[in-house]
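The values are calculated or read from the model by the stated rules, or taken from the named source; none is laboratory data. This structure is a prediction, so every number in the text was calculated from the model and none was measured. Quick reminder, even Gly has a Cβ in these numbers, built from the backbone with ideal geometry, and neighbours come from all protein chains shown. In case anyone asks, the SASA skips ligands and DNA or RNA and just uses the protein heavy atoms, side chains included. Shrake-Rupley method; radii C 1.70, N 1.55, O 1.52, S 1.80 Å.
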Amino acid sequence: MESSAPYGTVTPWTSSATSPSVFLPPELLVEIFLMVLASSGLHLQNHTWRCLLRLLGVCRYWRAIVCDKAALWRKMHVENGTAPRLLQLQLQRSKATPLDLCVKFLPETENRMVELVLPELYRVQFLQIIISPKAHAFFPKKRYDMPLLQGLSLSGLSSSKTAPLFVSTESPLPRLQSLEMIEVLYTDVQQFFRPTITDLRLKGNKSSLPNHNATLDVLLRALQSMPLLEQLALDYALCQHDPIYNFHLLPTVTLHRLQSLEIQDKALLVGVLLHQLVVDPSSFLTGESTHSPNGIRRRRLGGWGSARTEVEILLDFLNFKLQGRRILGPDPMSVLQNVSIDVPACDGDIVVLDAFIGDHGGSLFSLSFERGTDPGLLPVLGSILRSFDSKVLGRITKLCISGDGFNKDLNVLRSELRQVVECLPAITTLSLSRASGWDWYLIKHLSIPHRHMPFPELRHVTLIDPILRSRPPCLSDEFAADNYEDLVWPLSEVLRTRARAEIPLETLHLRNPSQYFDSDVELLQLYVGNVILHRDVKPLK
């Protein structure tokens, strides 16, 4: 029978028509419901309950499916505000299904709610325990065998009288694959190490006592017992006072299956640990995501140091890996393309320097350097130039300087700037802020006649908050009097020289310039392909 509706039109739904969503197969609906609940995470109690209540209230058909499917009730939370009757309802409807259990010991957590779940610990497959520093809740002394346990996360167990909780360390835990320990004594952590672990995450803090964390030797020997590791994240998990006299005596660990390696710690410790691990370099050079939820790029390797020697040890060992030595898999230089050096603005006496691979690639390293007696940023850049091979330096194509720091000794400054220009020939993009002090001094250095064209590949320059007609941050009164020029003149000279050499800039981006004339912008436009002007301040009259 032919339809009365014209071809290409959609017949509108009416209340008398059958709703196809009501009659979706139960198996398909359950899969959809599980995906909705999975997005809540194990630690978000209220979101899980809100989702269940909404699903229960749609219709009798959905309600019957939700009530009958035990897998929808397996995420359990014990914390402040957990109603005992709801907890009992979950235990009843989850039947014999393996449980995902999150227990938060907070100051107001009631003991009776903890006791409700103790008889069901034998069927827990993922266990997360979080202890508040002020918690005074009931800590059960009995330990339980958990043969189904696949993932264990403990946080805040800083006292041996409270750890380990629930889990019997004498149990073989044959299925344990994921282990996360946050601010837990290493003596408590090591009791859970098993050959089956594929994901290991240990997190401490800079101020941890010496006996809280493991030494390099102890940790490396522990990693030898976990050959199946695929994910390894160590965040200040090493003893800060570990004396390393001869790293050649430390064990070498080969992890054939490692896919992701993240280490944040003292630069010396990070460097030596990286040297002793034989892994595929893609584990610390690339990743699925380079940005965290707050928009900050993830950092695979991060080290801090109070002396340049500590930072240079990390850089030396990283350069060793990038040359293809003590690694698994292909030559890492194939991955190392379009490296960017980023020095963000920071407060206090800390210089931060980040290196990333490409616009959408992974993090290469991150350094936090205490200034101490060093006058600024250039000594840190100098460490990079001294430590990396010319092949690695040739892959650095972007330099972004936002943080302040320059040497106020004129002779030293000239030498350091010359070193930067000579050792980074592949720079294509340069971004300099007025706060860094680099906008005037580096541009001035580039405007001086050189035997060879500095930065021959340079195509894009961004100046942030530049003052085109004003005295720069002076090195000394004598220097300011004898060498002062408005920024617009050395900048125009650089652009003119490059245009004559037939390697002009493609773009010059002036972001929020001040103290300039319209004629200044017109002058710069003569020698560059495109001048982009973002301004909040009107030009001078």
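Listed by first and then second residue, the pairs with beta-carbon distance under 6 Å, at least 6 apart or on different chains, first residue in the stretch 457-471 and touching a residue at least 40 places away in the same chain (Cβ under 8 Å) and within 14 Å of residue 517 (Cβ to Cβ), second hydroxyl-bearing (Ser, Thr, Tyr) and open to solvent by 30 Å² or more (accessible area, probe 1.4 Å), form an empty list. Looking only at the stretch 163-203, filter to residues that are out of contact with any Leu (no Cβ under 6 Å at 6 or more places or on another chain) and among the small types (Gly, Ala, Ser); which one of those is modelled with the highest pLDDT? My answer is 178.
Does any residue of the stretch 264-278 turn out to be under 26 Å from residue 366 (Cα atoms) and surrounded by fewer than 19 Cβ atoms within 10 Å (Cβ to Cβ)? The answer is yes; a qualifying residue exists. Scanning the stretch 213-245 for residues that are within 17 Å of residue 326 (Cβ to Cβ) and open to solvent by 50 Å² or more (accessible area, probe 1.4 Å) gives a single hit, 224. Residue 98 meets the conditions (1) at negative phi; (2) modelled with pLDDT under 80; (3) surrounded by fewer than 20 Cβ atoms within 10 Å (Cβ to Cβ) in every case but one. The failed one is (2).
For the stretch 496-526, which residues satisfy the criterion of being within 16 Å of residue 463 (Cα to Cα) and assigned to a loop (DSSP other than H, G, I, E, B)? If the condition is that a residue be within 16 Å of residue 463 (Cα to Cα) and assigned to a loop (DSSP other than H, G, I, E, B), then 505, 506, 512, 513, 515, 516 are the ones that fit.
Scanning the stretch 374-401 for residues that are assigned to a loop (DSSP other than H, G, I, E, B) and at pLDDT 80 or above gives 388, 389, 394, 395.
Here residue 285 fulfils each of the conditions (1) at pLDDT 85 or above; (2) closer than 20 Å to residue 356 by Cβ; (3) open to solvent by less than 30 Å² (accessible area, probe 1.4 Å) apart from (1).
Per-residue answers, yes or no, for (1) small (Gly, Ala, Ser); (2) modelled with pLDDT of 90 or more; (3) open to solvent by less than 20 Å² (accessible area, probe 1.4 Å):
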residue: 471; (1), (2), (3): no, no, no
residue: 492; (1), (2), (3): yes, yes, yes
residue: 509; (1), (2), (3): no, yes, no
residue: 532; (1), (2), (3): no, no, no
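Can you work out which of the residues in the stretch 494-507 that are open to solvent by less than 20 Å² (accessible area, probe 1.4 Å) and in contact with a strand residue (DSSP E or B) (Cβ under 8 Å, 6 or more places away or on another chain) is nearest to residue 449 (Cα to Cα)? Steps first, please.
Going through the stretch 494-507, the residues open to solvent by less than 20 Å² (accessible area, probe 1.4 Å) turn out to be 494-495, 498, 505.
So of that shortlist, the ones also in contact with a strand residue (DSSP E or B) (Cβ under 8 Å, 6 or more places away or on another chain) come out as 495, 505.
Numbers: 495: 13, 505: 18 Å.
For the stretch 494-507, the residue satisfying everything is 495.
Taken over the stretch 332-356, residues that are at pLDDT 80 or above, in contact with a helix residue (DSSP H, G or I) (Cβ under 9 Å, 6 or more places away or on another chain) and part of a strand (DSSP E or B) amount to 3.
Does residue 329 meet the test of being at pLDDT 65 or above and in contact with a helix residue (DSSP H, G or I) (Cβ under 6 Å, 6 or more places away or on another chain)? Here the answer is no, as residue 329 does not meet what is asked. Among the residues making up the stretch 418-452, those that are assigned to a loop (DSSP other than H, G, I, E, B), open to solvent by less than 10 Å² (accessible area, probe 1.4 Å) and of a type in the set (A, V, I, L, M) are 424, 427.
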